[in-house]
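Data block below; observations after.
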Amino acid sequence: MSDGADDGAGGEEEEPSGGILGAIESLRRSAEMQLAAFDSLARSLKAEAPAADVESPSATAEPERAALTDRESQVLTLVVRGCSNRQIARSLGISDHTVRTHLQSVFRKLEVSHRTEAAVVALREGLIDVDPLGP
């Protein structure tokens, strides 16, 4: 039996339906869905990655990659989270050009051509740790 109260809202305020607040709310929901998708992708890639066999001589068969700098790792982490170059630049307080330079270096070190490939390699090889609640 219904008493006319909205049980689904739990006393929360009604969401804005338009204007700037509506756009902001829509962007927030979109960002949350993207973070959830990237978190899910990271978990599945980690689950699929074979465990490293420390004692196996074949573990050294592949040449080691050049290490990423701290800034390159920061840029790559934001790429994995789905940020654009402009968003990365604003987040790190650097120019768009500097972001592109860091990405070129990351691509060269990871031997990839695109940001999606770089993100997959980073997650698969555990080069970065993506905290879904992080900045």
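The values are calculated or read from the model by the stated rules, or taken from the named source; none is laboratory data. In this text, all values refer to a predicted model and were calculated from it rather than measured experimentally. Neighbour counts run over all protein chains shown; Cβ positions are idealised from the backbone, glycine included.
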Exercise for the section: Being in contact with a helix residue (DSSP H, G or I) (Cβ under 6 Å, 6 or more places away or on another chain) and basic (Lys, Arg) is the filter here, so list the residues in the range 87-125 that pass it. Expected result: ARG115, ARG124
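For every residue, the table says whether it meets (1) in a helix (DSSP H, G or I); (2) surrounded by fewer than 14 Cβ atoms within 10 Å (Cβ to Cβ); (3) within 13 Å of the chain's Cα centre (by Cα).
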site	(1), (2), (3)
HIS97	yes, yes, no
GLN104	yes, yes, no
VAL112	no, no, no
ALA118	yes, no, yes
LEU123	yes, no, yes
ASP129	no, yes, yes
Problem - Subset of the range 84-135 [touching a residue at least 24 places away in the same chain (Cβ under 8 Å), closer than 13 Å to GLU72 by Cα and hydrophobic (A, V, I, L, M, F, W, C)] - result: VAL99, LEU103, VAL106, LEU110, ALA118, ALA119, ALA122, LEU127, ILE128
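Would you point out the residue of the range 51-73, among those that are exposed (fewer than 11 other Cβ atoms within 10 Å of the Cβ) and modelled with pLDDT of 60 or more, that is nearest to PHE107 (Cα to Cα)?
It comes out as ALA67.
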Problem - Unmet requirement for GLY82, which otherwise passes all of (1) assigned to a loop (DSSP other than H, G, I, E, B); (2) under 17 Å from the mean Cα position of the chain (by Cα); (3) of a type outside the set (Phe, Trp, Tyr); (4) at pLDDT 95 or above - result: (4)
